[in-house]
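Following: one structure in structure tokens, then a few remarks.
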Amino acid sequence: MRRKLIAGNWKMNELKTEGLELAQAVFDKCAGQKLPFDVLICPPMSLLGMVADLPHEVVGVGSQDVACTTKSAGAFTGDVSATMVKDLGATHTLVGHSERRTMHHETDEVVCQKALNAMNAGLTAVVCIGETEIERENGEALTVVARQIKGSVPKTATADNCVIAYEPVWAIGTGKTPTTEDVAEVHTAIRQELTSLLGEKIASQMRILYGGSVKPSNAKELLSVENVDGALIGGASLKIEDFWGIAATQL
Ligand code: PGA
């Protein structure tokens, strides 16, 4: 049985005071609860250590990226290695978010290396994939995600050290979402691709999140789709009412 994962991606948002308040609000919601799902928050790197240092139970804390170099330290100005992220107290990291693939020209090869660095440092890598609007219109969604899975998921991935997040690029921050049929089709295809890459056992246990304009009003429906094992939430993770409104649909 795959436990659902409700994950927040804060992106480049929140200064110290508001960010720590938001993290505390999430931690408070989870404290002392036996929740039927896992919770993860990914604050910006500027707050990662401070958020991880707040006393909390159960909730995972992740970075939004790690360095690509295989070295854990060295002359890489501006980069933060997976080892450093782990050292701050993080449990997870996103890799290959579409904003990084687009704005920082990250290829599948780069994303795969980052995922591997994360796993080697003891972090769980949340590998993000998803087609663009043009690719969807051209009927290429399944080919694109299959290629991204093959190229971005390390061969050593397991259900413990890797999570997949399917985020159609055109659904991110736009308020648009795919139909539940489309989500089901892509998630099933991803599971099949994982099976050929990693074998039946690992593929059947690995969580596949849906991301892109998830909000309290559509969360129940999206999260009830077969093979959807949680949500990666951007905009709606910045307000505790919305983030928890989404999580509460799973209570
Ligand atoms: P969104 O972003 O929920 O604001 O669409 C999702 C994401 O980019 O992870």
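The values are calculated or read from the model by the stated rules, or taken from the named source; none is laboratory data. Here the structure is a predicted model, which means the values were calculated and not measured. Don't worry about glycine lacking a Cβ; one is built from the backbone with ideal geometry, like all the others, and counts go over all protein chains shown. The protein model used for the area step is the full one, side chains on, heavy atoms only, and it has no ligands, DNA or RNA in it. Shrake-Rupley method; radii C 1.70, N 1.55, O 1.52, S 1.80 Å.
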**Listed peptides 200-210, 230-240 by packing density, highest first (mean Cβ within 10 Å)** = 230-240, 200-210
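What is the ratio of the Cα radius of gyration of the range 119-231 to 2.2 N^0.38 Å, where N is its residue count, to two decimals?
On the way: Rg = 13.5 Å, N = 113, 2.2 N^0.38 = 13.3 Å.
In units of the globular-protein estimate, the range 119-231 measures up at 1.01.
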**Asked** After finding the eigenvalues of the alpha carbon gyration tensor for the range 3-53, what semi-axes result from the square roots of 5 times each, listed largest first in whole Å?
**Response** 20, 12, 8
**Asked** By what distance, in whole Å, do the Cα atoms of the chain stretch along each of the three principal axes, largest value first?
**Response** 45, 44, 34
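Mean shadow of the range 134-187, computed from the convex hull of its alpha carbons, in nm²?
So the mean shadow area of the Cα hull is 4.5 nm².
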**Fill in**
For the pair ASN120 and MET103, the simple spin-label estimate (label points 7 Å beyond Cα toward Cβ) gives in nm 2.8
**Message:** Between VAL58 and LYS220, what is 0.36 nm times their sequence separation minus the Cα-Cα distance? Round to one decimal in nm.
**Reply:** 56.1 nm
**Request:** State which entries of LYS11/LYS220; LYS29/LYS71; LYS16/LYS155; LYS71/LYS150; LYS4/LYS150 exceed 30 angstrom in Cα-Cα distance in the structure shown.
**Result:** LYS29/LYS71; LYS16/LYS155
**Message:** Could you sort the peptides 26-38, 140-152 by per-residue average Cβ neighbour count (10 Å cutoff), highest mean leading?
**Reply:** 140-152, 26-38
**Item:** Unit charges at the beta carbon, dipole of the chain: most positive-side option, GLY212, ILE240, PRO55
**Value:** PRO55
**Prompt:** Solvent-accessible area per residue for the chain at a 1.4 Å probe radius, Å²?
**Reply:** 45
**Fill in**
Expressed in Å to one decimal, the Kirkwood Rh of the range 78-182 from all distinct alpha-carbon pairs is 14.3
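For a quick protection proxy, order the peptides 105-113, 212-220, 175-183 by their average other-Cβ count within 10 Å, most packed first.
Ranked by mean Cβ neighbours within 10 Å, highest first: 212-220, 105-113, 175-183.
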**Asked** Assigning unit charges at the beta carbon (Lys, Arg +1; Asp, Glu -1) and nothing else, what dipole magnitude in debye, to the nearest 20, does the chain show about its Cα centre?
**Response** 500
